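Asks: Next up is a structure, given as structure tokens.
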Amino acid sequence: MTNSTNNIEAVDTIIENSQVTPLLRDEIDQYQVAYEIQKGDIHTTLSLLKNAGWIQLSYLSAIDWPEENKMELIYILFNWEQPVYVQIRSKIDRRKPEVPSIIQIFPGAKYYEREAHEFFGIDFPGNPDFDKQLILENWDDIPPLRKDFDPSSYSKKKFPSRTYPDQFSKKDPDNKTREKQTEREKRANKLRTGGGKR
Amino acid sequence: MLSTKYTKKDVVKTKTDRKWWEIGDYFRRNSLWMLMYCTGCCAIELPPAMTAAYDMERLGMGPMATPRQADILLVSGYLSPKTLRRLVYTYEQMSEPRYVVALGSCPINGGIYHDSHVVINQLDQYVPVDVYVGGCMPNPESLLNGFVDLMEGIKNKTADGWKRYHEHYEWYKENQKHSLGELIIHDEFHE
Amino acid sequence: MKKMKLFLGPQHPGMHGNASVHLYVDGDIIKKSYLLPGMLHRGFEKQMERKLWVNNIALIPRVCVPEPDINEMSFAMAAEKLLELKVPERAHWIRMIMLEFARISAHLMAYGGLGGPTGVYTLMYHAQADRNRILEIFEKISGARVYHQYIVIGGVRKNLPKGIEEDITTLIDDLESRLDEYRDLGIDNASIVKRIKDTIMLPEEVVWDLGVTGIGMRSATNKPYDVRKVTPYARYDQVEFEVPVSDYSDARARLDIKLKEVQQSINIIRQSLKKMPEGPVRVKPGRGQSMRWTVPKGYVYAPVESSRGEFGYYMVSNGGTTPWRVGVRGASYPQGLLGIEKYLPGTRIDDAALWVDTMGVCSPEMDR
């Protein structure tokens, strides 16, 4: 197998020789490199990389950033002859998310896009049936992987859970351990903002 | 594809029928046949329990392919609403008397997925349960212990989940409609 | 031409897992087929965002049920890349032993699963009995039979107990001497050879279209493409092993590759028992709080070779005490969903269950 730094340089030369200008470049370790590009450059970058040998699409998904009001799409490609994982990321608008489909380049993306629509609400024009339900059935709320969906309140509303009697312990009828437990929880929640930056 | 039409009927109460039930229960509890339906993660401990490692056949139990001729419905693990619709459909197809055994701690109170938006929290509201086997992945030995408890229950006439389903039919149906929405399974998904 | 709709439904004695295949048949030949996933969906990716980094270790083995160690390994590798943590030397070798035992048990389960659709139940009994012995070794090492929670961020939870090396060596010697018996019962068995030979063939162009990895890819393209050789992790570059390939891709060749991989895993376990150094097995990832550490910002993808293909976790961290987004790349996602839609039409009904078994479609990791 070829040396891995040569492979990362090979990816860099492909991207430099094209008309695409990446906004960010990040080298994670010797076998992974990540680029962030604009939304309009997605098709050209993916076709270039596919013609150069990166013919396997490993993963397609999305990330939700509610404070910046954006959603981020991510594509991961791999080449078995020159082994480097290439991550392609691009940010799109959150209120009306829409990305043209990449089925003509990678036919394997059909079900990944359908799942991204179901969990995030992103539209993919070009994919024939991207708005049919795949994993959930009769879902009646907002797409569940967005950050403003609260699963525990949905679960309490729809699936009522078992109630236990309050005087549960025979050793401690005054429930003194319950007070100690609430004190401990309050202390722990104050620290929940983290142990500080490293 | 609708659920099977269900007609409520009264349980038998005459004297000679009771004697036939006693004889029937003796034969039933020594040769229970289990439906093969692996619903969740606890089903990975079923093949060691069924085959040569911890043999289930010494208790007289064996696997069965169709629900119309099976005795026990084994709910192994958690249930999502999608599986619960098909499970209720299967339970109503079994012929009586029928028993339900729940494996794992997920049917008891939700287990490790208790605040998940796609896992139900208490199986007792939708389908009557006879024996619970606790643990997060119980041992095959605990599973065989649970089956022996079920056999004792049949002997003492306490394993009567199927009678409860008759008596409280409206309560079970109302709970199912509240959590699942509708019970009809749409199969034209991909068209 | 009449069409009839059939369900190879969720409750079926020959199918693995809990996914239903909808078939449109004309006589005995399949015309259209779709897979319906989602019955084992638990909302993992949402649950992982609400728990601390330590609490996630209890949750993630349940993503892939027959082989839970690959989940722990991918999660730990991804978090260690973001933290830039150096794991002690002995922990790498112990991780390799656990991963190879998990691979042997998953291959035995898949090979014995041939007994369901074809009717050779003796093979299933043998394979499950051997798999039970491997689960007993897992119980001695980590405390639990199926969900170990043993590979953590920073190494391995505890050192190996005393006397475990003799148990491991007796077990793998016994397994190695009986591989020929498995071959006689399964793929050389004259009563089922017509079901396996020259059926379910996968041509090479289809592999790159679907995105299939693992044994399906190695039998169709005849090249040793394996994540352990191409981008090695955890000291796989210091042991010698081969990656078996074949040039004729039918069901029999894939099952043959499975038995050869079991032999190679046994070689790896023997070498790592000899080469393992002494020393500590765990390192603390954070300063200060022992359970609420933070992970710096970053986006990383950590792949691992499972028994079905390339399995990976995609992790995004925002500098907090909980992950921001975790995505799971299931190894059987392309083979299950796309493969059944594009490949099965044209074959017979009894090939549908064999596809699910030999190509390695595991439904819990498709649904998460």
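Since every read-out is calculated from the coordinates, none of them should be taken as a lab result. The model shown is predicted, which means the values in this text are computed figures rather than measured ones. Note that we place each Cβ from the backbone using ideal geometry, even for glycine, and neighbour counts take in every protein chain shown.
Asks: Note down the relative contact order for chain A as a percent, whole number, built from C-alpha pairs under 8 angstrom at least six residues apart.
Replies: Details: 245 pairs, mean separation 27.3, N = 198.
With pairs under 8 Å counted, the relative contact order is 14 percent.
Asks: Right, another one. Within a 10 angstrom radius of the beta carbon, how do B:Met61, C:Met4 rank from fewest other beta carbons to most?
Replies: C:Met4, B:Met61
Asks: For region C:1-141, what ratio Rg/Rh do Cα atoms give with a Kirkwood hydrodynamic radius? Before the final figure, lay out each step's value.
Replies: Numbers: Rg = 20.1 Å, Rh = 18.5 Å.
In region C:1-141, Rg relative to Rh is 1.08.
Asks: With every atom except the alpha carbons ignored, what do you get for Rg and Dmax of chain B, in angstroms?
Replies: In order Rg, Dmax, the Cα atoms of chain B give 16.9, 55 Å.
Asks: Taking Cα atoms, how many degrees apart are the long axis of helix C:251-275 and the longest axis of chain C, rounded to 10 and kept between 0 and 90?
Replies: The angle comes out at about 20 degrees.
Asks: Running a GNM on chain B with Cα contacts under 10 Å, which residue among B:Ala49, B:Ala159, B:Ala102 ends up with the highest mean-square fluctuation?
Replies: Maximum fluctuation in the GNM of chain B, among the listed residues, is at B:Ala49.
Asks: A further question on this structure: Provide, as a two-decimal number, the C-alpha radius of gyration of region B:99-191 over 2.2 N^0.38 Å, N being how many residues it has. Let's see the in-between values first.
Replies: Numbers: Rg = 15.7 Å, N = 93, 2.2 N^0.38 = 12.3 Å.
Relative to the 2.2 N^0.38 Å estimate, region B:99-191 comes out at 1.28.
Asks: Sticking with this one: Could you give the C-alpha radius of gyration of the protein assembly as shown expressed as a fraction of 2.2 N^0.38 Å, taking N as the number of residues it contains? Could you put the intermediate results ahead of the total?
Replies: On the way: Rg = 26.5 Å, N = 757, 2.2 N^0.38 = 27.3 Å.
The protein assembly as shown yields a ratio of 0.97.
Asks: Report, in listed order, any pair from A:Lys70/C:Lys51; A:Lys110/C:Lys32; B:Lys19/B:Lys157 with a Cα-Cα distance greater than 19 Å.
Replies: A:Lys70/C:Lys51
Asks: Relative contact order for region C:66-224: what percent, with Cα pairs under 8 Å and sequence separation of 6 or more?
Replies: Computed value for region C:66-224: 22 percent relative contact order.
Asks: With runs of 4+ DSSP H residues as the only contributors, calculate the mean residue ellipticity of chain B at 222 nm using -39,500 (n - 2.57) per run, divided by the residue total and rounded to the nearest 500.
Replies: It comes out at -11000 deg cm²/dmol, rounded to the nearest 500.
Asks: Right, next: Divide the volume of the convex hull of the Cα atoms of region A:49-154 by its number of residues and quote the answer in cubic angstrom per residue.
Replies: With only Cα atoms used, region A:49-154 gives 119 Å³ per residue.
Asks: Note the angle between two axes, namely the Cα long axis of helix C:164-177 and the longest principal axis of the Cα atoms of chain C, as a number of degrees from 0 to 90, rounded to the nearest 10.
Replies: 20 degrees
Asks: Sorted from fewest to most neighbouring beta carbons within 10 Å, what does the list B:Val148, C:Val316, C:Val283, C:Val212 look like?
Replies: Values: B:Val148 11, C:Val316 21, C:Val283 14, C:Val212 29.
By the 10 Å Cβ count, ascending, the order reads B:Val148, C:Val283, C:Val316, C:Val212.
Asks: Here is a follow-up. Taking every Cα atom in region B:21-125, find the radius of gyration and the maximum pairwise distance Dmax, and write them in Å.
Replies: 14.6, 46
Asks: Which of B:Trp20, B:Trp162 comes first, and how do the rest follow, when ranked by fewest Cβ neighbours within 10 Å?
Replies: B:Trp20, B:Trp162
Asks: What is the Cα radius of gyration of region C:67-293 over 2.2 N^0.38 Å, N being its residue count?
Replies: Against the empirical 2.2 N^0.38 Å value, I get 1.11 for region C:67-293.
Asks: If I take every Cα pair under 8 Å that is 6 or more residues apart in chain B, average their sequence separation and divide by the length, what percent do I get for the relative contact order? Each step should come with its number before you reach the end.
Replies: Values: 279 pairs, mean separation 44.1, N = 191.
Reported as a whole number, the value is 23 percent.
Asks: Return the equivalent ellipsoid semi-axes of chain A as a descending list in whole Å, where each equals the square root of 5 times an eigenvalue of the C-alpha gyration tensor.
Replies: 45, 24, 16
Asks: Could you pull out the longest piece of chain B with no exposed loop trypsin sites (Lys or Arg not before Pro) in it, calling a site exposed if DSSP puts it outside H, G, I, E, B and it has at most 14 other Cβ atoms within 10 Å?
Replies: B:14-156
Asks: Over the Cα atoms of region A:34-88, compute the convex hull volume and normalise it per residue, giving Å³.
Replies: Dividing the Cα hull volume of region A:34-88 by its residues yields 72 Å³.
Asks: So how far, in whole Å, is the C-alpha centre of region B:112-155 from the one of region B:48-76?
Replies: Between the Cα centres of region B:112-155 and region B:48-76 lies a distance of 15 Å.
Asks: Moving to a separate point now. Take chain A, connect every pair of alpha-carbon atoms lying under 10 Å apart with a spring to form a Gaussian network, then pick out the residue of A:Thr177, A:Thr44, A:Thr163 with the largest mean-square fluctuation.
Replies: It is A:Thr177.
Asks: Taking R0 as 41 Å, what's the FRET efficiency between A:Lys39 and A:Tyr154 from their Cβ-Cβ distance, rounded to 0.05?
Replies: The value I calculate is 0.80.
Asks: Based solely on its DSSP helices, what 222 nm [θ] is calculated for chain C when runs of n ≥ 4 H residues each add -39,500 (n - 2.57) and the sum is averaged over all residues, nearest 500 deg cm²/dmol?
Replies: -13000 deg cm²/dmol
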